[in-house]
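See structure below.
The values are calculated or read from the model by the stated rules, or taken from the named source; none is laboratory data. All figures in this text were calculated on a predicted structure; none of them were measured in a lab. With ideal geometry, Cβ positions are generated from the backbone for all residues, glycine too; neighbour counts draw on all protein chains shown. What goes into the accessible areas is simple: the full protein's heavy atoms, side chains included, and nothing from ligands, DNA or RNA. Shrake-Rupley method; radii C 1.70, N 1.55, O 1.52, S 1.80 Å.
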Amino acid sequence: MGVTGIFARRATLRRSVRLLSEFRFEQTDPARFYGALAVDTAGMVEDLWRAATGADLSGRTLLDVGGGPGYFAAAFDAAGARYVGVEPDPSESHAAEPVVARHSGAVVRASGMALPFADDSVDICLSSNVAEHVPRPWQLGNEMLRVTRPGGLVVLSYTVWLGPFGGHEMGLTHYLGGTRAAAMYARRHGHPAKNDYGSSLFAVSAAAGLEWAASTGAAVATFPRYHPRWAWWLTSVPVLREFAVSNLVLVLSPQ
């Protein structure tokens, strides 16, 4: 069945449509969107962990690189994991309303490219939609592998640049080039985008992620995060995957 087997049964068209409909609220009602995304992500990680180990997340230490304001912490708390978040921006850590921000896990201010944790110190290391926001995404990936114990799981998910959401709030103008899209956004809105190309947003391809994962010798699965199971084949087609796989999940298990 493989590490994706349990999650594959939940990767239905209905789930894809539900998540896409929630995305409409990303700007106007972030608690609704990110809360739903966090619950879905916790379910995905638990499915992957259960398939790999036969157990649930209870008592497992999960390090969330770029965990943000607390939605993910609340979701993994509910799943029974011992949550530790890493977030370089303190304003992000406190962005959620207090009821969400309160959770039992710890949050450490640090960079994902230099994690302040010992080797082999966590069971699961997750990074959700962070790799496209750092200048050296595979340094981040290597750090995630370093801190994860043998037999644990690394789950690195990121937005593919040439996919429809690669430009983030810049919309589809990123197809004109990142620098041009950033300039167009700044002229239109009078300020740079939060996800500003070249400073807080970078062009990360599906091919680069797959190549890095293969080079580690620890890769166990890759799949499009939001697609139904019957569309996962898109990941295996060069060029097409850059446009059709909006978000790529790399699953690795250090030995």
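Mind listing just one residue for me: the one in segment 144-165 that is open to solvent by 10 Å² or more (accessible area, probe 1.4 Å) and either free of Cβ contacts under 8 Å to residues at least 40 places away in the same chain or under 17 Å from Leu48 (Cβ atoms) (or both) and, of those, nearest to the chain's Cα centre (by Cα)?
Taking the candidates together, the pick is Leu145.
Answer yes if at least one residue in segment 212-229 is of a type in the set (Lys, Arg), outside any loop (DSSP other than H, G, I, E, B) and under 22 Å from the mean Cα position of the chain (by Cα), and no otherwise.
The answer is yes, given that some residue of segment 212-229 is of a type in the set (Lys, Arg), outside any loop (DSSP other than H, G, I, E, B) and under 22 Å from the mean Cα position of the chain (by Cα).
For Gly209, indicate whether it is at pLDDT 95 or above, loosely packed, with under 15 Cβ neighbours inside 10 Å and not hydrophobic (A, V, I, L, M, F, W, C).
Judged against the criteria, Gly209 is not a match.
Taking Glu169, is it modelled with pLDDT under 95 and closer than 22 Å to Leu37 by Cα?
Yes.
Please count how many residues of segment 183-197 are part of a loop (DSSP other than H, G, I, E, B) and open to solvent by less than 50 Å² (accessible area, probe 1.4 Å).
Counting residues in segment 183-197 that are part of a loop (DSSP other than H, G, I, E, B) and open to solvent by less than 50 Å² (accessible area, probe 1.4 Å) gives 3.
Can you work out which of the residues in segment 26-39 that are part of a loop (DSSP other than H, G, I, E, B) and closer than 15 Å to Phe165 by Cβ is least open to solvent (accessible area, probe 1.4 Å)?
Glu26
Might you check whether a residue that is assigned to a loop (DSSP other than H, G, I, E, B) and modelled with pLDDT of 95 or more occurs anywhere in segment 138-159?
Looking through segment 138-159, none of the residues is assigned to a loop (DSSP other than H, G, I, E, B) and modelled with pLDDT of 95 or more.
What pairs can you find where one residue is in segment 176-192 and free of Cβ contacts under 8 Å to residues at least 60 places away in the same chain and closer than 18 Å to Phe165 by Cα, the other is among the small types (Gly, Ala, Ser) and surrounded by fewer than 13 Cβ atoms within 10 Å (Cβ to Cβ), and their Cβ atoms are less than 8 Å apart, with a gap of 6+ or different chains?
Gly178/Gly198; Thr179/Gly198; Ala182/Gly198; Pro192/Ser199
Is there any pair with a first residue in segment 206-224 that is among the small types (Gly, Ala, Ser) and a second that is modelled with pLDDT of 95 or more and assigned to a helix (DSSP H, G or I) whose Cβ atoms are under 6 Å apart and which are 6 or more apart or on different chains, and what are they?
Hits for this filter: Ala206/Arg241; Ala206/Glu242; Ala219/Ala213.
Hey, Phe23 hits all of (1) touching a strand residue (DSSP E or B) at 6+ places or on another chain (Cβ under 6 Å); (2) open to solvent by 60 Å² or more (accessible area, probe 1.4 Å) but one; which does it fall short on?
(1)
Among the numbered conditions (1) part of a helix (DSSP H, G or I); (2) closer than 28 Å to Ala114 by Cα; (3) open to solvent by 30 Å² or more (accessible area, probe 1.4 Å); (4) modelled with pLDDT of 95 or more, tell me where Ala42 comes up short.
Evaluating Ala42 over (1) part of a helix (DSSP H, G or I); (2) closer than 28 Å to Ala114 by Cα; (3) open to solvent by 30 Å² or more (accessible area, probe 1.4 Å); (4) modelled with pLDDT of 95 or more leaves (3) as the failure.
Residues in segment 230-255 that are polar (S, T, N, Q), part of a helix (DSSP H, G or I) and closer than 18 Å to Glu132 by Cβ: how many?
Looking only at that region, the number is 1.
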